1. Quick one: if the Förster radius is 45 Å, what FRET efficiency do ASP72 and LYS103 give, using the C-beta to C-beta distance and rounding to 0.05?
2. In whole percent, what relative contact order does the range 2-114 give with Cα contacts below 8 Å and a gap of six or more residues?
3. Give me the one-decimal nm value for the distance between modelled label points at ILE6 and ARG25, 7 Å along each residue's Cα-to-Cβ direction.
4. Using 0.36 nm times the number of residues separating ARG45 and THR86, minus their current alpha carbon distance, what extension gain do you get?
5. Which FRET efficiency value, to the nearest 0.05, is calculated for ARG15 and GLN63 with the Förster distance at 30 angstrom and r the Cβ-Cβ distance?
6. Arranged from highest to lowest average of other beta-carbon atoms within 10 Å per residue, in what order do the peptides 13-22, 33-42 appear?
7. Among GLN73, VAL108, ALA61, whose Cα sits farthest toward the positive end of the charge dipole of the range 44-113 (+1 at Cβ of Lys/Arg, -1 at Cβ of Asp/Glu, about the Cα centre)?
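Please treat every number below as a calculation from the coordinates, not as lab data. Since we're looking at a predicted model, the values are computed, not measured. Backbone-built Cβ (ideal geometry, glycine too); neighbour counts: all protein chains shown.
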Amino acid sequence: MEARAIQRTVRQSARKMRLVIDLIRGRGVAEADAILRFSKKRAARQIHKVLKSAVANAQQAAQRQNAPFDADQLRVKYAVVNEGATLKRFTAAAMGRATPILKRTSHVEIHVASDTAPAPAAKAAPATATNAEPKAKAKAKAKPKKKAAASKKKKTTKKASR
């Protein structure tokens, strides 16, 4: 089971939020929840909301498909913070000037996936395969083709005109 949650235009810079999102990437949901709950960073609160939403989305998807759901088996598969739109403001400066203020925003995206995914079936080798075919392919790869002499750059001399 896989689910995602996105929160757009969070009023904090992406650079600050990436410090927190790096802590939870690839971890189990229970462990990521504990990390975010006890983090002192302001970004942790917003990221925690997105993580809870992704878990709830996974639960809803499992319910729709009538599949068993266990939140403890979920992992943070993908977690990124991208830059959002920057709000541009101005403040007064000395001698009648204005200085810009950039209020940065960010977009948080988290994907959670079940830890126990069904393993793909292994492909069986065909029974009619012979050893001659791999040897022929190896010989073909071993002989590189020589480039034609025409591909070499020709030197051209330029006569000085007076």
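1. Efficiency at R0 = 45 Å is approximately 0.70.
2. The normalised contact order for the range 2-114 reaches 43 percent.
3. Here the answer is 1.8 nm between the modelled labels.
4. 12.7 nm
5. 0.20
6. Going from most to least packed, we get 13-22, 33-42.
7. Comparing the listed Cα positions along the dipole, VAL108 ranks first.
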